[in-house]
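The numbers here are math on the coordinates, done by the rules we state, and not lab data. Predicted model only: the values in this text are computed from it and were never measured. Virtual Cβ from ideal backbone geometry, glycine too; neighbours counted across all protein chains shown.
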Amino acid sequence: MRTIMASVLTSAFNKYMEVVGDQVVFTGQFARNIFRDGFEWGEFLRQCYIVGYRSIGLVAITGFIIGFVLTLQTQPTLKDFGAESYVPGMVSISIVREIGPVIIALICAGKIASSIGAELGSMKVTEQIAAMEVSSANPIQYLVVTRVLACTMMLPLLTIMADALALLGGWVGVNVQEHVSMALFFRKSFNALKFSDLLPSVVKTFFFGYAIGFVGCYKGYHSSRGTESVGSAANSAVVSASLWIILIDAIAVQVTNLIYY
Amino acid sequence: MQQKTQQKIKVGIFATVMLGLLLVGIFLIGRNKNLFQRTFVLYGTFKNVGGLQVGNNVRFVGIDVGTVVSIDILSDTTARVALRIKEKVKPFIKKGAVAGISTDGLMGDKLITLSSGTENATPVEDKDTIQAIDPMNYDHVLDRLSGVAENAEVITEQLAGIATQINHGKGSIGRLLYSDSLATSLEGTMTEAKKTAKSIRKGSEGFSENMEALKHNFLLRGYYKKKEKAAKKQAEEQKKEADGKKKAGKDSTSLKVSKE
């Protein structure tokens, strides 16, 4: 019994280490191919279009509603304490520091990581990746580097847009019950913000974008050969990317506190 | 090919607009911290900064004109606070300006308030040190209050002891309030006092009789007669004077009537 347990644990551990090793190798291949000649600018821009431009609608609506709802939820409580004038500051700090980057990254993990995972998974299943390798095209450079970099570059931009629209949503939320001018609301919002709020949150979105692109590509690139593996690659890409985002966020908070406070 | 170009343009516009938004955000935050305008620095030395933090506002005549840029400990009893203030308010802050630490609103944010100083003094210079008033030390006040409370406790304890003793009829006040014997003796004293008053009255009556008898005694009679005569004489003189005045008044009125 004990030997069976030990063998099961050993095989699970070995499998886990194999995956970790695979990811390390994949990261190395990705890093090497960034600086290799023949960077696929056209594909990179196409991926920027798909990842960034095509996500504007979803991110804009999400950002606006986050700000709107957050204001409506906090306003009555702050009103009870006679601190209603702190609503803009509270909304701006919570949106810019935490809620904006994390929610938008999770939304993008659902939309982008799954689509990358499914796309590369189906290419793997239909042996298009193998065909590229055979025809001496570099699939890592063409498929992985462009997608991961596009995610890394586009997620900060999407987060900035979501933050701006969340503040707008906050202003609309305040104006549901009261009348506050847009200039006053935005002035109070930016009065409460510091560079130590804005810069770390922008920096961590690069890591979120990288995690989304990397996990999506890895899961798709390493999917099995069956048709159902496409679906499982998309699914596990979303789950893993979401988990990575939460972990990176926790680490980012600690690092920010170490640097600024 | 044309579709690819359109995609590139869209991505370019998106990236430009979002980077522009980021720059606007950076500018707006930086403007609040006075990063994009000319400023000067003033110093104030406090014994206790009372929770003031870097980034807190500096207020002058009720307007936010700057921020706290650093707080350094100079010695074990003094901290130097550096204030970055907008250049355009420099002419209004005079040499005698005083910096104080106060609280903004109910939420307790600390801020520095500047008073303008004497009217005719010259404006402050960059890196000047201005006078500073230490904020109220609530711990010190609480310490004093706890001392007062201890004293009050001792006093109330003593008062309670006194009240208990009075209730038990101890001491002068207790005996006065609760002892019957005192009241009885007081009643006795009053009776005795009444008797004494009666006998004094009798004594004084006897004394006046004796005095009357003395007046009629041949040894003292001459003295009392002389006294009577002198009194009569004085009364007559007074009467004469009064009559003379009445006459003079009548004469003056008769003269006025004749002239008419």
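General remarks:
- For B:Lys194, a cut-off of 18 angstrom between C-alpha atoms picks up these lysines, skipping any fewer than 8 places away in its own chain: B:Lys202.
- Share of pairwise Cα separations in chain A, more than 30 Å, in percent: 39 percent
- From helices alone, chain B scores -20500 deg cm²/dmol at 222 nm; the rule is -39500 (n - 2.57) for each run of n ≥ 4 DSSP H residues, then divide by the residue total.
- Between 0 and 90°, nearest 10: helix A:146-177 axis offset from chain A longest Cα axis: 20 degrees
- Note on B:Ile26/A:Ile4: beta-carbon distance plugged into 1/(1 + (r/R0)^6) with R0 of 60 Å gives a FRET efficiency of 0.50.
- Rounded to 10°, Cα long-axis angle of helix A:182-192 versus longest principal axis of chain A: 70 degrees
- Based on Cα contacts under 8 Å between residues 6+ apart, chain A shows a relative contact order of 31 percent.
- Neighbour counts of C-beta atoms inside 10 Å place A:Met5, B:Met18 in the sequence A:Met5, B:Met18, starting with the fewest.
- Counted by neighbouring Cβ atoms within 10 Å, the residues B:His140, A:His222 run from fewest to most as B:His140, A:His222.
- The angle between the Cα long axis of helix B:180-215 and the main principal axis of chain B comes to about 40°, on a 0 to 90 degree scale.
- Whole-number D in µm²/s for the protein assembly as shown (Stokes-Einstein; Kirkwood sum over Cα pairs; 4 °C, 1.567 mPa s): 39 µm²/s
- Computed over chain B, relative contact order equals 13 percent, with contacts defined as Cα pairs under 8 Å that lie 6+ residues apart.
- The charge dipole of region A:79-142, taken about the Cα centre with unit charges on the Cβ atoms of Lys, Arg (+1) and Asp, Glu (-1), comes to about 60 debye, rounded to the nearest 20.
- Among B:Ile29, A:Ile112, A:Ile61, sorting on how many other beta-carbon atoms sit within 10 Å of each Cβ, with the fewest leading, yields A:Ile61, B:Ile29, A:Ile112.
- Pairs of lysine residues in region A:40-260 - Cα separation under 21 Å, sequence separation of 8 or more or cross-chain: 6
- Bridge type composition, the protein assembly as shown - antiparallel percent by DSSP, nearest 5: 75 percent
- Restricting the calculation to alpha carbons of region B:31-136 gives Rg and Dmax of 12.8, 37 angstrom.
- Check: chain A dipole with +1 on Lys, Arg Cβ and -1 on Asp, Glu Cβ, in debye: 140 debye
- Loop-located chymotrypsin sites (Phe, Trp or Tyr not before Pro) across region A:1-81 with a Cβ neighbour count of 16 or fewer within 10 Å are A:Phe35, A:Phe39, A:Phe81, with loop assigned by DSSP.
- Within region A:25-111: Cβ-based charge dipole about Cα centre, in debye rounded to nearest 20 (Lys, Arg +1; Asp, Glu -1): 200 debye
- Filter on B:Lys90/B:Lys127; B:Lys94/B:Lys127; B:Lys47/B:Lys94 - keep pairs with C-alpha separation over 21 Å: B:Lys47/B:Lys94
- Furthest towards positive pole of dipole, A:Thr256, A:Leu167, A:Val144, structure part the protein assembly as shown, Cβ charges: A:Leu167
- Modelled label reach - A:Asp22, point 7 Å along Cα→Cβ, region A:212-229 residues with backbone N closer than 11 Å: A:218-225
- Estimated FRET transfer efficiency when R0 is 41 angstrom, pair A:Val180-B:Thr78 (beta carbons, to 0.05): 0.45
- Compactness check for chain B: Cα Rg over 2.2 N^0.38 Å is 2.71.
- The distance separating the Cα centre of region B:59-118 from that of region A:102-133 comes to 57 Å.
- Dipole of chain B, positive end: most advanced residue of B:Gln37, B:Val17, B:Ala235 [Cβ charges, Cα centre]: B:Ala235
- Note on chain A: with a GNM built from Cα contacts shorter than 10 Å, the maximum mean-square fluctuation among A:Arg36, A:Arg225, A:Arg147 falls on A:Arg36.
- Relative contact order (percent, whole number), region A:1-125, Cα cutoff 8 Å, 6+ residue spacing: 20 percent
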